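Reviewing the structure listed below.
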Amino acid sequence: LMSELLLLTNVKIFILDEIGYYYYKRSGSITKSGFGKSLHDAVYNTQYIKSVAEKARPELVPYVGAYAAYQARTALLLMTGEQYRENREFTKYCREVIKENKQYIKGSFMNKKERLFCSMYVRMPRFTKWFFDLVRYAKK
C-alpha cells in the first residue's frame, strides 16, 4: 500500500485546515457505486494503516483514526437494509472501528450529522441505521 510506504519512510506530512483539492464524481465511480467490496476493503485497509501509523508515525493516528471511523460510517450508510442484514459480521466490525476511534471523531473533519451518526451507532446500531435510512429516503 502506498500509504504504508509513506508512513514507514521519513517523508514529511503536513496537515492543513484548508481544503486544497477538488475531485470529480463520475458515474460508476466508487463514491457513486453504493456499498460493495471497495468500501468493505476501505474500512479494513484504513484500520490496517492506523496500526502501521501507531508504530511508525503516532502523530498521525488521530487523523487516520478519524478517517477509519468515517469509512465505517460511510459503508454502513450505503448498505441497503438487505445488505445490512446479510453482512452482520462486517457491521459489527464497523461498530468496533467507530467505537475504537471515537476519541478522534470530535475534532475531526466530520460535520455534526456525521459525528451524530457515529455517536448514536455505537449505542444503538440498528435503530441508528433505520433512523438515518428513514431520513435519507424521505428526502428523495
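Laboratory data are not the source of any read-out in this text; all were calculated from the coordinates shown. Note that the structure is predicted; figures quoted are calculated from it, not measured.
Data table
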item	result
Gain in span if fully extended, residue 82 to residue 136, counting 0.36 nm per residue against the direct Cα distance	17.8 nm
Three-way shape label, the range 59-104, alpha-carbon gyration tensor, a/c 1.5	prolate
The range 54-140: C-alpha gyration tensor shape, a/c 1.5 cut-off, then a/b vs b/c	prolate
